[in-house]
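Written below as structure tokens is the structure these notes are about.
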Amino acid sequence: MDKSLVGCSTSSKMTDPFGELKVFAGRASQALGQKICVQLGIELARSETKVFSEGNVFVRVLENVRGRDVFIVQGTEFPVNDNFMELLFWIDAFKRASATQVTAVIPFFSYAKGDKKDEPRVSIRARVCADAIEAAGADRVLTMDLHSPQIQGFFKIPVDHLFAMPVLVDYFRRKQIPDLVVASPDVGFGKQAYRFGELMHCPVVFGNKVRHGHDETAEMLDVVGHVEGMNVLIVDDFTISGGTLIAMAVECKRRGARDIYACVSHGVFSKGSSERIARSPIKELVLTDTVGYRFEPLAPCCRVVSVANLFAEAILSIHRRESVSRLFNF
């Protein structure tokens, strides 16, 4: 990392007009929090979390945060509700301890999938979560690859929305795969897929996917575009069961594709997904380290790349009151 990005030195702590930078990590994001702090050149701030026998969550800040600029890194993967409640408790604890500013760093915002009322009598869960984060006292949110970018509008506080695409594109550029085509499993990820194709200098095709219920399975009805004799890179924002990626890979293979690669920002992977992916036509599946919990070991074809550097740069830009938009110029 560029030395200009290194965090506050001891000599600057007393003179920083925005307060000393403090980065904490909840139980869900300890590993990523440590990596972010390595990039920033600072120590991960001390804290503790306890879960009592009946499931009650208790958090405690073990450092003075009065007048500090605090960032709490806490994803909302499994157990989703426990991790989300812990995030709210951390925000409240920091505000009550007189932190100058509290930024909720949410690498994976699980409830982003609940972004609309698409059937009768259902909750818009992402909006409920946004309201709760604000009510707890967060001053801003830093997150990555929301399922729907418009979720930023659910918040009345600033939201900085990062993309894992630069890291993923860099990984596949180095592989120099010939005759490559980028594939989006559905039109919902179409805009990002087009951008991916532009950066990889290759064409884009789309899948026509349908879901018949809430069982996390998808049926691929069609592939719009030419994949015969081509190597295919399937791109998506997240996968839970691997079903959509596998369905797209199978259909591309059926249409004469050669090697199938895939990449996602958030590899959630429910129980049984590793075996399904291992048996699928996917040669290599690349994911980031936004999700820390694993129900089971990753399939042999999976590779993990880190987005700690992106989060570190964003955190330092927010701390210095500088623009974060430069991180989107890729």
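Brief remarks on what is shown
- Rounded to 5, percent antiparallel among DSSP beta bridges of the chain: 20
- Alpha-carbon Debye profile of segment 221-273, log10 I(q)/I(0) at 0.16 Å⁻¹: -0.47
- Long-range amide H partners of ALA99 with built H, under 5 Å: GLY67
- Taking LYS22, LYS156, LYS116 and counting other C-beta atoms within 10 Å, the order from fewest to most: LYS156, LYS116, LYS22
- Dipole magnitude (debye, nearest 20) for segment 165-305, charges at Cβ of Lys, Arg, Asp, Glu: 260
- Footprinting exposure proxy for GLU54, GLU77 (fewest neighbouring C-beta atoms within 10 Å first): GLU54, GLU77
- Projected over all directions and averaged, the alpha-carbon convex hull of the chain occupies 17.5 nm².
- Evaluating kT/(6 pi eta Rh) at 4 °C and 1.567 mPa s, with the Kirkwood radius of segment 90-164 over Cα pairs in the Stokes-Einstein relation, gives 100 µm² s⁻¹.
- The dipole here belongs to the chain: it is taken about the Cα centre, uses +1 on the Cβ of Lys and Arg and -1 on the Cβ of Asp and Glu, and is about 280 debye.
- Computed on the Cα atoms alone, the convex hull of segment 289-330 gives a volume of 79 cubic angstrom per residue.
- Residues ARG254, ARG68 in ascending order of nearby Cβ atoms (within 10 Å, fewest first): ARG254, ARG68.
- Taking 1.002 mPa s as the viscosity and 20 °C as the temperature, the Stokes-Einstein diffusion coefficient of segment 165-305 based on its alpha-carbon Kirkwood radius rounds to 144 µm²/s.
- Binning all Cα-Cα separations of segment 35-130 at 5 Å, short to long from zero, yields these whole-percent fractions: 2, 11, 19, 21, 18, 14, 8, 4, 2, 1.
- Helix content alone sets the calculated 222 nm mean residue ellipticity of the chain: runs of n ≥ 4 DSSP H residues at -39500 (n - 2.57) each, divided across all residues, give -8500 deg cm²/dmol.
- Exceeding the 26 Å Cα-Cα cut-off - candidates LYS95/LYS271; LYS50/LYS117; LYS22/LYS113; LYS22/LYS50; LYS95/LYS156; LYS117/LYS156: LYS95/LYS271; LYS50/LYS117; LYS22/LYS113
Rule-based calculations on the coordinates, nothing more; no lab input. These figures come from a predicted structure and were not determined experimentally. Backbone-built Cβ (ideal geometry, glycine too); neighbour counts: all protein chains shown.
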